[in-house]
Amino acid sequence: MNFLIISHVLHKKQKNKLFAYAPYVREMNLWLKHVDSVTIVSPLAKNEELTPIDIPYQHENININTIPQIQFTSIKTLMVSLFKLPTILYAIFKACKRADHIHLRCPGNIGLLGCIVQICFPKKIKTAKYAGNWDPKSKQPLSYRFQKWLLSNSFLTKNMHVLVYGHWENKTKNVKPFFTASFSEKDRVKIEKREYNNRLHFVFIGTLVKGKRPLFAIKLVEQLKKEGKNVFLEFYGEGPLKKELNDYVIKNGLGNVVEFKGNQDASIVKEILKKAHFLILASKSEGWPKAIAEAMFFGTIPIATKVSCVPFMLDYGKRGILIEHNLESAVKKILESLKNYDLKLMSILASNWSQNYTLDVFETEVAKLLNS
């Protein structure tokens, strides 16, 4: 089988190996175990250094068809991107024609173009991984809504399994509730029992961007400190907001409360999650937030906003603490939870649920999709 991946993910090449963002590649490597050859249509970085969160694909027969990056954030980038579209569309069409299985990574600009081109190949087997928020009631950009409409449209999009996070009403036959995973059966451990009446260890894991609201996490811990709680917060990840966040920490005298650890190897993060009390992820939007599932796997209780399938993941408050986007309300909810909830039981319930979603189970489900 010639397996085609159409993706906006920026790739890097070193010593004849292809690298990209670790969580994405780790997942794709499970798909690639079951195919003969792989073609990737995506952008390729030029002379860019690898980072700790880049890992290589594991396949002997893999090729990349490089396309330019596009974005529509300003008039200038819009005009430049429109000029590039014919080249990209032709590259996608040519790759689809040669493929046995077409796999789209959505949402994204390149995924959007793939959604359009795949209409020309109604008889080919296709899958689309929609890694964003599938909630039909959520406010999203027009391009995201268009991708969701086109992918779920069984008249225009045929022979397609659209893998989405969560269970939603009025879904078409194309749409299949799915999940993702980070750890295997061998990673299962008996979780360490935490005490919640001493110093509380909070973590934030992810890119430091506005959508994930890292400043909200700092303010949340800051307010808990003002309420007399013994707290500290560690950030694992990099991003454009790091300087702004660090400036806030210094300005507000939080140097002994907040620490920035940067990007770290997965093994280090795993050890942290075995001991931390809470993970904070107050995102504006999510798909299947891996940081939450990974924290739950080791008994770290998520504190998260009610977006996408997060309420389902947290069993509507039994496996984690659901908060509003409002800071005052969120602080009140956490204080109430610390006082009235059985947090040790919540930690166990979180771990028991998350450990059902292992890489082994994921690979079994992927094999079924590829052989269907």
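State yes or no: is Ile125 modelled with pLDDT under 95, of a type in the set (A, V, I, L, M) and surrounded by 14 or more Cβ atoms within 10 Å (Cβ to Cβ)? So Ile125 fails the test.
For first residues located in the range 246-268 and surrounded by fewer than 16 Cβ atoms within 10 Å (Cβ to Cβ) and aromatic (Phe, Trp, Tyr), partners that are modelled with pLDDT of 95 or more and part of a helix (DSSP H, G or I) and lie 6+ apart or on another chain with Cβ distances below 6 Å do not occur. If you go through the range 113-147 and pick out every residue that is free of Cβ contacts under 8 Å to residues at least 60 places away in the same chain, in a loop (DSSP other than H, G, I, E, B) and in contact with a strand residue (DSSP E or B) (Cβ under 9 Å, 6 or more places away or on another chain), you end up with 2. With the checklist (1) of a type outside the set (S, T, N, Q); (2) touching a Lys or Arg at 6+ places or on another chain (Cβ under 6 Å); (3) surrounded by 21 or more Cβ atoms within 10 Å (Cβ to Cβ) in hand, flag the one item Leu327 doesn't pass. Of (1) of a type outside the set (S, T, N, Q); (2) touching a Lys or Arg at 6+ places or on another chain (Cβ under 6 Å); (3) surrounded by 21 or more Cβ atoms within 10 Å (Cβ to Cβ), only one is false for Leu327: (3).
Considering only residues that are in contact with a helix residue (DSSP H, G or I) (Cβ under 6 Å, 6 or more places away or on another chain) and in a helix (DSSP H, G or I), look in the range 352-361 and name the one that is surrounded by the most Cβ atoms within 10 Å (Cβ to Cβ). Only one residue fits best here, namely Ser354.
When Glu27 is tested against (1) of a type outside the set (A, V, I, L, M, F, W, C); (2) surrounded by fewer than 18 Cβ atoms within 10 Å (Cβ to Cβ); (3) under 21 Å from Tyr130 (Cβ atoms), just one condition goes unmet, and that condition is (2). For the range 305-315, state whether one or more residues are touching a strand residue (DSSP E or B) at 6+ places or on another chain (Cβ under 8 Å), in contact (Cβ under 8 Å) with a residue 60 or more places away in the chain and either at positive phi or not polar (S, T, N, Q) (or both). Yes, because at least one residue in the range 305-315 is touching a strand residue (DSSP E or B) at 6+ places or on another chain (Cβ under 8 Å), in contact (Cβ under 8 Å) with a residue 60 or more places away in the chain and either at positive phi or not polar (S, T, N, Q) (or both). The set of residues in the range 306-321 being under 21 Å from Lys137 (Cα atoms) and surrounded by 21 or more Cβ atoms within 10 Å (Cβ to Cβ) consists of Ser308, Cys309, Val310, Met313, Leu314. For the range 277-290, a tally of residues being farther than 17 Å from Leu220 by Cα and touching a Pro at 6+ places or on another chain (Cβ under 8 Å) returns 1.
Conditions tested, residue by residue: (1) touching a strand residue (DSSP E or B) at 6+ places or on another chain (Cβ under 6 Å); (2) more than 19 Å from His201 (Cα to Cα).
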{"residue": "Val257", "(1), (2)": "yes, no"}
{"residue": "Gln264", "(1), (2)": "yes, no"}
{"residue": "Trp288", "(1), (2)": "yes, yes"}
{"residue": "Gly317", "(1), (2)": "no, yes"}
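Each row is one residue, and each column tells you yes or no for (1) in a helix (DSSP H, G or I); (2) not acidic (Asp, Glu); (3) not assigned by TED's automatic domain parsing to the domain that holds Val175.
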{"site": "Lys12", "(1), (2), (3)": "no, yes, no"}
{"site": "His34", "(1), (2), (3)": "no, yes, no"}
{"site": "Val41", "(1), (2), (3)": "no, yes, no"}
{"site": "Glu48", "(1), (2), (3)": "no, no, no"}
{"site": "Thr73", "(1), (2), (3)": "no, yes, no"}
{"site": "Phe83", "(1), (2), (3)": "yes, yes, no"}
{"site": "Ile88", "(1), (2), (3)": "yes, yes, no"}
{"site": "Ala91", "(1), (2), (3)": "yes, yes, no"}
{"site": "Gly111", "(1), (2), (3)": "yes, yes, no"}
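Looking only at the range 193-240, which residues are surrounded by fewer than 18 Cβ atoms within 10 Å (Cβ to Cβ), of a type in the set (A, V, I, L, M) and over 18 Å from Ala291 (Cα atoms)? None; the set is empty.
The values are calculated or read from the model by the stated rules, or taken from the named source; none is laboratory data. Remember, predicted model here, so these are calculated numbers, not experimental data. Cβ atoms come from the backbone with ideal geometry, glycine included; neighbour counts cover every protein chain shown.
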